[in-house]
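Asker: Below: one structure in structure tokens.
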Amino acid sequence: MVMDRHEHQQLNEAQDSAGRAARQGTELKSEIKSLEAKLSTLATACQAMWELLRDKSSLTEEQIQSKIEQLSGQMGEALQCPQCGRQVSRKKNRCLFCGIEAESDRVFDV
Ligand SMILES: [Zn+2]
């Protein structure tokens, strides 16, 4: 098959695009592995804290589970702006109306 100049250009562009997609795929796999490693570390830390709370405090597993369920239900809730009282996204942490930073009431907010 004989390709003309335009077809050669299209083929090169398609090959470049495929190369970029392959590199992005490799980068994303690397990021996923890194996140999986962090998740594994956090899961281990949570398990350790869970067992310490259960074994070394007066809290029962039911009380710990109940608290987790309570917090899970609140995860999507907005913060309240300390200046104007409006709702502030937990992800933004800054009031859209007055610009004040709303500090999270949680130690582990991400
Ligand atoms: Zn505000």
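Quick note: the coordinates plus some simple rules give every number you see, no bench work behind them. The structure presented is a predicted model; accordingly, all values stated were derived computationally and were not measured. Here Cβ is always computed from backbone atoms with ideal geometry, including for glycine, and neighbour counts include all displayed protein chains.
Asker: Multiply the residue separation of residue 33 and residue 104 by 0.36 nm, subtract the distance between their alpha-carbon atoms, and state the gained length in nm to one decimal.
Answerer: Working: separation 71, 0.36 × 71 = 25.56 nm, distance 2.88 nm.
My answer for the length gained is 22.7 nm.
Asker: Turning to a different aspect of this structure: Apply the Karplus parameterisation 6.51 cos²θ - 1.76 cosθ + 1.60, with θ equal to phi minus 60°, to every residue of region 6-22 and state each ³J(HN,Hα) to the nearest whole Hz, in sequence, with x for glycine and proline.
Answerer: Those phi angles translate into 5, 5, 4, 5, 4, 5, 4, 5, 5, 5, 4, 4, 5, x, 4, 4, 5 Hz.
Asker: While we're here: Can you work out the Karplus-derived ³J(HN,Hα) for every residue in region 38-45? Use 6.51 cos²θ - 1.76 cosθ + 1.60 with θ = phi - 60°, whole Hz, and x for glycine or proline.
Answerer: Here the 3J(HN,Hα) series is 5, 4, 4, 4, 5, 4, 5, 4 Hz.
Asker: Out of residues 5 or more away from residue 102 or on other chains, whose amide H comes under 5 Å of its own, with H placed 1.01 Å from N in the peptide plane?
Answerer: Amide H neighbours of residue 102, under 5 Å, 5+ apart: 94, 95.
Asker: Just want to confirm a number: the relative contact order over the chain, from Cα pairs under 8 angstrom separated by 6+ residues, in percent.
Answerer: Numbers: 54 pairs, mean separation 11.6, N = 110.
The normalised contact order for the chain reaches 11 percent.
Asker: Using the Cβ atoms and a cut-off under 14 Å, what net charge is assigned to the surroundings of residue 96, where Lys and Arg are +1 and Asp and Glu are -1?
Answerer: Working: positive: 86, 90, 91, 92, 94; negative: 101.
Surrounding charge for residue 96 is +4.
Asker: If amide H atoms are built 1.01 Å from N in the plane of the peptide, which residues on other chains or at least 5 residues away come under 5 Å of the amide H of residue 80?
Answerer: 88
Asker: Mind pulling the angle between the C-alpha long axis of helix 61-74 and the longest principal axis of the chain? Nearest 10 degrees, somewhere in 0 to 90.
Answerer: 60
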